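Trainee: To start, I am sharing the structure in question, which I have written as structure tokens.
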Amino acid sequence: MDRQMILSRSSVMGVRGLQGFVGSTCPHICTVVNFKELAEHHRSKYPGCTPTIVVDAMCCLRYWYTPESWICGGQWREYFSALRDFVKTFTAVGIKLIFFFDGMVEQDKRDEWVKRRLKNNREISRIFHYIKSHKEQPGRNMFFIPSGLAVFTRFALKTLGQETLCSLQEADYEVASYGLQHNCLGILGEDTDYLIYDTCPYFSISELCLESLDTVMLCREKLCESLGLRVADLPLLACLLGNDIIPEGMFESFRYKCLSSYTSVKENFDKKGNIILAVSDHISKVLHLYQGERKLEELLPLGPNKALFYKGMASYLLPGQKSPWFFQKPKGVITLDKQVISMSSDPESREEVPTCSDPESKQEVHMCSDPEPRQEVPMCSDPEPRQEVPMCTGPESRQEVPMCTGPESRQEVPMCSDPEPRQEVPMCTDSEPRQEVPRQEVPMCTGPQSGQEVLIWTDPESRQEILCTGHESKQEVPICTDPISKQEDSMCTHPEINQKLPVATDFEFKLEALMCTNPEIKQEDPTNVGPEIKQQVTMVSDTEILKIARTHHVQAESYLVYNIMSSGEIECSNTLEDELDQALPSQAFIYRPIRQRVYSLLLEDCQDVASTCPAVKEWFVYPGNPLRHPDLVRPLQMTVPGGTPSLKILWLNQEPEMQVRRLDTLLACFNLSSSREELQAVESPFQALCCLLIYLFVQVDTLCLEDLHAFIAQALCLQGKSTSQLVNLQPDYINPRAVQLGSLLVRGLTTLVLVNSACGFPWKMSDFMPWNIFDGKLFHQKYLQSEKGYAVEVLLEQNRSRLTKFHNLKAVVCKACMKENRRITGRAHWGSHHAGRWGRQGSGYHRTGSGYSRSSQGQPWRDQGPGSRQYEHDQWRRY
């Protein structure tokens, strides 16, 4: 096994430059191991404990997708078979697999997400250029995963009986946390961040040989030994090199300064390798000398990026872990109830260390300055103080201590520190301080009414910014929680900061020891949401409904529903679309009206007095979108026979007749209520396919009768084919329009998953899983045959039983389209208006700089600023 090829087949993720450094410069970090042997050792060491591997599924998609063809929309039957073999191999040796998928994109990583999507756009342009030039699929070096692969892999693994989870934050953090907390055998993935986290062993998926179960283990301890660092130093190294949070260019000049002063440059190492060695040398020989004595901002050129840098550092701290780099060594000690205060992600400290007591706690905390002035400043007063805990600081320490301001004094009070973890806890005051303390250098902002200064402080674990003010301020947002609220997200917020906080999990917001909160708050289970949801900043306030949506999300049973209801922000990655093909619109626009109706359904309880719902932020990739800002898309009202049912009725009512209401709501999302009778007559699994085809052909005029024949014929022929037959299938050549149509249909299937989830699952998810109704190469073959004018009997491979089904399905689609004044014709009947345009002649559809709009509406999509577009009307619907 070539250790220098580690990570080479995956996209760059994690720490910049570390991938190549590990693979070429320090190969001894990599050790070939065997999972079967590791599992046996684990069982002997922990009797009764099943060896478990936690899998970062997003890193494994490229490894799992083994079919040779990837350009036609996906070989889903082959892919499902490959997943089944993967699971069987590990099960056979007694290893349990836990799969994690990304459930959202953190705001700190949005820029990196955008950067990768734009890079993918350039790759897709090269792919279509190659197809047009060679009429064949490009080589594996241009491989691009089929659209919807991540979404459908979740459901495939659940179908195979595997425990599959969807994250509430960045998946790598939850993967590392799960592996540490559950004593897992290791992590299987392809992300150098797993070398930085102090968690269980990390194994490479790209080096896995499934037949022998051999792979490579990357050892963080050996990495530290090679670099002269400690494991606790790795987050600092990662941030100085650049990662998904810290832009690589932020410390570029600093890295070159380290390199210029590095005396052990290896001539046989590449430049990036020497930079990593130089930065590590600087950490071990320079920064270590001042660790605990001086803050990092005094030792590093953080400048205005200090908050972001600390966020990046803290992103690697797992529950229960502390960083020696966060705070300086204090000159004094402070304890509360004989408990040392520290700022860490240790869940044990959450309930024991109240930093701002409620009236029941009977505590008072004072701060002692240098013995010379001997003045005391009460940090949090109580009417019946029973104990005082002093904190002493030396005048020579020159500490920079974060402050919390009192509402009347406008003076600032230092935080308390502890000598062991060298970390600080913010303390808040509601009484007038007796001593003025020099103001610290932190970003300040002003409250909306009082003009009071507000401290912005970053929690090292949740990576959220918290605003802290005096709790008697007349601002709308208090800093101390009510003893009854038991709220877990930040207690101090600012109306001008539009930050959406996800529901708290045991990986997230443990702020009680860091802010003025109720000490009785208990740690929450990651899959449980209690009454505190009402305190979260979410789009939906109904706690019962939000809890159900969250549960479906975490258990990977839905798609995008919880993201819409919690943060009001969703994303969709790249699709194989030809930016030069003006005749076919992007899938992002074609399916937008459906999403808008789903928004109306999911956000029913957030309408304001004007009966309008807030816009949903869509980060959808399509040609011409620079992704500088999300598209602001407003919900679109829909008409459901009998009235639109509430989510409680759709999701909680188990009476048999409710399935009819659920189906009515689903069809209303597609605006196909008038075709309900025809669709109900269609047998499974073709009912969902017909619904999707009707919608597509009504929306896009440039789809013709030959396209419809190809879609239906491939679905019917797929039912009688084995996986091996599909493997051996080879289209005569690759057509770029067929490539785009294949991806368009698959994106439609993911939209069906969203709608079905939102409507309470009126259809079985298996009815629109692609391995049951779509195969890329088979569709491509039928498309080429239909384009050449082959008879329907040829498309159906001379199978008479399929002929009747074909005509029935075709009749359902054509009849439903005619109700919408859309007559599907063959390509021979097209007029000149179909060349280079999409939409019927006279329909008013046209391409604009920011998307597609209907000029006849009189209200084109309005530009809301650079890259920010707001969409309110159904821009696509025919009338």
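Trainee: Take the cross-link list Lys109/Lys311; Lys782/Lys810; Lys721/Lys805; Lys132/Lys777; Lys115/Lys322 and give me the ones stretching past 21 Å between alpha-carbons.
Mentor: Table pairs above 21 Å Cα-Cα are Lys115/Lys322.
Trainee: Quick check: pseudo-label points 7 Å beyond the Cα along Cα→Cβ at Val231 and Ser674, how many nm apart are they?
Mentor: Between Val231 and Ser674, the simple spin-label model gives 6.6 nm.
Trainee: Mind checking the per residue accessible area of the range 228-326 for me, 1.4 Å probe, whole number of Å²?
Mentor: Counting only protein heavy atoms, the per-residue value for the range 228-326 is 41 Å².
Trainee: For the range 228-326, how big is the tail of P(r) above 17 Å, as a whole percent of Cα pairs?
Mentor: 51
Trainee: Continuing with this model, one more query. Cα-Cα pairs above 23 Å in the range 88-187: how many percent?
Mentor: Pairs farther apart than 23 Å: 48 percent.
Trainee: Here's another thing I want to ask about it. With a 1.4 Å probe and every protein chain left in place, work out the accessible area per residue of the range 543-820 in Å², rounded to a whole number.
Mentor: 32
Trainee: Suppose every K and R has +1 on its Cβ and every D and E has -1 on its Cβ; what is the size of the dipole of the range 610-731 about the Cα centre, in Debye to the nearest 20?
Mentor: 480
Trainee: Considering only the other residues whose Cβ falls under 15 Å of the Cβ of Val739, what net charge follows from Lys and Arg at +1 and Asp and Glu at -1?
Mentor: -3
Trainee: How far, in nm, would the chain grow between Glu221 and Ala791 when pulled straight, counting 0.36 nm per residue and subtracting the alpha carbon separation?
Mentor: Answer, rounded to one decimal: 198.6 nm.
Trainee: Moving on. Once you put a point 7 Å from the Cα of Asn821 and another 7 Å from the Cα of Thr91, both along the Cβ direction, what distance in nm separates them?
Mentor: 5.5
Trainee: I would also like to ask the following. Kindly write out, for the range 32-37 in residue order, the coupling ³J(HN,Hα) from the Karplus curve 6.51 cos²θ - 1.76 cosθ + 1.60 (θ = phi - 60°), rounded to whole Hz, with x marking Gly and Pro.
Mentor: 6, 10, 10, 5, 5, 5
Trainee: Here's something else I'd like to know. Could you tell me the accessible area of Ser284 in Å² (1.4 Å probe, neighbours in place), rounded to the nearest ten?
Mentor: 30
Trainee: Pop out the carbon and sulfur fraction of the accessible area of the range 543-820 as a percent, whole number, probe 1.4 Å.
Mentor: 51
Trainee: Right, another one. Quick check: convex hull of the Cα atoms in the range 32-135, volume per residue, rounded to a whole Å³?
Mentor: 168
Trainee: Taking the C-alpha atoms of the range 543-820, how large are the radius of gyration and the largest Cα-Cα span, Dmax, in Å?
Mentor: My reading of the Cα-based Rg and Dmax gives 19.2, 61 Å.
Trainee: Moving on to the next point. Which residues' amide hydrogens lie under 5 Å from the amide hydrogen of Gly242, considering only partners 5 or more residues apart or on another chain, with H built in the peptide plane?
Mentor: Arg16
Trainee: Give the carbon-plus-sulfur fraction of the accessible surface of the range 155-228 in %, rounded to a whole number; probe 1.4 Å, heavy atoms of protein chains only.
Mentor: For the range 155-228, the apolar C and S fraction of the accessible surface comes to 49 percent.
Trainee: Something else: Could the peptides 58-68, 785-795 be put in order, highest first, of the mean number of other beta-carbon atoms found within 10 Å of their residues?
Mentor: 58-68, 785-795
Trainee: Sticking with this one: Assuming 0.36 nm per residue, please report the length gained on full extension of the stretch Thr50 to His807 beyond their Cα-Cα distance.
Mentor: Extra length available between Thr50 and His807 comes to 267.2 nm.
Trainee: At 0.36 nm per residue, minus the direct Cα-Cα distance, what do Glu252 and Gln654 gain on full extension? Give it in nm, one decimal, please.
Mentor: 138.8 nm
Trainee: How big is the accessible area of Val265 in square angstrom, nearest 10, if you roll a 1.4 angstrom probe over the protein chains?
Mentor: Taking all protein chains as shown, Val265 has close to 70 Å².
Trainee: Using only the heavy atoms of the protein chains and a 1.4 Å probe, how would Arg747, Arg77, Arg122, Arg827 rank by accessible area, largest first?
Mentor: Arg122, Arg827, Arg77, Arg747
Trainee: Measuring from label point to label point, each 7 Å out along Cα→Cβ, what is the Gln107 to Glu136 span in nm?
Mentor: Between Gln107 and Glu136, the label points sit 5.0 nm apart.
The values are calculated or read from the model by the stated rules, or taken from the named source; none is laboratory data. Keep in mind it's a predicted model, so treat the numbers as computed, not measured. Positions of Cβ are generated from backbone atoms using ideal geometry, with glycine treated the same way; all protein chains shown enter the neighbour counts. These area figures cover heavy atoms from the full protein model, side chains too; ligands, DNA and RNA do not enter into them. Shrake-Rupley method; radii C 1.70, N 1.55, O 1.52, S 1.80 Å.
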